[in-house]
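Asks: Below is a structure I'd like to ask you about.
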Amino acid sequence: MVENVSEAALRKEEKLKELLAGYGSIAIAYSGGVDSTYLADVAHEVLGDSAGLILADSPSMPRSELAEAKAMARARGWNLVVVATNEFRNEAFLRNDAQRCYHCKVERFDTMKAYTAERDIAVVAHGENADDARDSTRVGAVAASERGVVAPLQEVGLTKDELRILSRRRNLPTWNKASFACLATRIPTGTRLDIAELAKVEQAEEVLKRLGFHQYRVRRYGDLARIEIESGQFARVIDPEVRTAILAELAPLGYRHITLDLAGYGGGTMG
């Protein structure tokens with residue numbers, strides 16, 4: 001059964017439709033997450049073939065996430081293009097300091113703007129929502145603002161909870177998808193990014209995914225892996241069979257020490 005949708009959320013969705021219609025054409029930075037998937041669905045409803053999606057492919061995106069995002073677009077009949085971005089050639093990004101996300105978004109938005117300029121697409125958009133506006137650490141939003149990339153969900157005031165409920169109403173399977181951040185966030189700030197290390201994090205997280213965990217992170221500190229899961233799943237992760245599977249599959253990735261963060265998912269930091 002679909003959860004009750006507030007009148008306020010429905011009004012915001014109508015405002016979103018009006019906003020999108022006014023653009024005439026749009027290219028959305030699409031990742032397959034809750035926000036960009038919902039925005040893509042509404043944009044396709046309003047603008048049809050004048051709504052397109054651009055999926056940025058780089059080593060910071062797990063292959064399973066890429067495959068799922070592409071499958072979703074195909075299933076819905078959305079216009080999707082996958083473009084390779086080159087942030088891993090940018091020394092400022094590889095430094096992995098507090099401005100890492102800014103440098104990544106600059107690369108991605110510049111790539112998108114070049115693509116849309118060649119095709120006379122009116123607007124480039126991303127999936128920032130109203131909750132994101134309250135997070136001053138999201139330096140990627142600065143890059144978006146500098147490049148004129150709009151945030152329609154934020155503009156009409158849609159929150160994450162509202163987006164999940166509205167997504168469920170639209171039968172989007174992403175309505176209850178776990179939060180995701182790029183693999184670069186798993187490496188401590190100030191530690192230089194390395195594609196091979198990110199690949200090991202990706203493989204480690206795929207282990208947790210196969211074992212049925214919903215919300216998780218594997219933070220890498222050299223040969224130490226710090227696992228973050230929801231606190232309600234602590235008993236499961238230390239179940240002998242599950243624990244043995246984790247140890248057996250993460251050890252070959254170079255993790256000599258495998259720990260569980262008792263703060264739970266979201267409680268730790270990479271600082």
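The values are calculated or read from the model by the stated rules, or taken from the named source; none is laboratory data. Since the model is a prediction, treat every value here as computed from it, not as a measurement. Backbone-built Cβ (ideal geometry, glycine too); neighbour counts: all protein chains shown.
Asks: Among the residues of the stretch 6-22, is any assigned to a loop (DSSP other than H, G, I, E, B), out of contact with any strand residue (DSSP E or B) (no Cβ under 6 Å at 6 or more places or on another chain) and within 15 Å of Val156 (Cβ to Cβ)? Steps first, please.
Replies: Of the stretch 6-22, the ones assigned to a loop (DSSP other than H, G, I, E, B) are 6.
Going one step further and asking which of them are out of contact with any strand residue (DSSP E or B) (no Cβ under 6 Å at 6 or more places or on another chain), we end up with 6.
When the remaining residues are screened for being within 15 Å of Val156 (Cβ to Cβ), the result is 6.
Yes: one or more hits.
Asks: Residues Phe88, Phe93, Phe109: which one is among the aromatic types (Phe, Trp, Tyr) and under 16 Å from the mean Cα position of the chain (by Cα)?
Replies: Testing whether each residue is among the aromatic types (Phe, Trp, Tyr) and under 16 Å from the mean Cα position of the chain (by Cα) leaves just Phe109.
Asks: Limited to the stretch 1-19, what total is found for residues that are surrounded by 15 or more Cβ atoms within 10 Å (Cβ to Cβ) and either under 22 Å from the mean Cα position of the chain (by Cα) or free of Cβ contacts under 8 Å to residues at least 60 places away in the same chain (or both)?
Replies: Within the stretch 1-19, residues that are surrounded by 15 or more Cβ atoms within 10 Å (Cβ to Cβ) and either under 22 Å from the mean Cα position of the chain (by Cα) or free of Cβ contacts under 8 Å to residues at least 60 places away in the same chain (or both) number 3.
Asks: If you don't mind, another one. Could you please find all residues in the stretch 134-163 being part of a helix (DSSP H, G or I), charged (D, E, K, R) and either under 16 Å from Thr111 (Cα atoms) or not assigned by TED's automatic domain parsing to the domain that holds Leu19 (or both)?
Replies: Glu146
Asks: Related question: Could you list, in sequence order, the residues of the stretch 20-48 that are on the phi > 0 side of the Ramachandran plot and surrounded by 18 or more Cβ atoms within 10 Å (Cβ to Cβ)?
Replies: If the condition is that a residue be on the phi > 0 side of the Ramachandran plot and surrounded by 18 or more Cβ atoms within 10 Å (Cβ to Cβ), then Gly32 is the only one that fits.
Asks: Can you confirm whether Asn171 is more than 17 Å from the chain's Cα centre (by Cα), part of a loop (DSSP other than H, G, I, E, B), under 18 Å from Leu193 (Cβ atoms) and not small (Gly, Ala, Ser)? Explain how you work it out, then say what you get.
Replies: Values: more than 17 Å from the chain's Cα centre (by Cα): yes; part of a loop (DSSP other than H, G, I, E, B): yes; under 18 Å from Leu193 (Cβ atoms): no; not small (Gly, Ala, Ser): yes.
So Asn171 fails the test.
Asks: List every residue pair whose Cβ atoms lie under 8 Å apart, where the two residues are 6 or more positions apart in sequence or sit on different chains, the first residue falls within the stretch 27-42 and is aromatic (Phe, Trp, Tyr), and the second residue, located anywhere, is part of a strand (DSSP E or B).
Replies: Hits for this filter: Tyr30/Leu53; Tyr30/Ile54; Tyr30/Leu55; Tyr30/Leu80.
Asks: Taking the stretch 174-198 only, how many residues are part of a helix (DSSP H, G or I), over 11 Å from Arg220 (Cα atoms) and of a type in the set (Gly, Ala, Ser)?
Replies: 1
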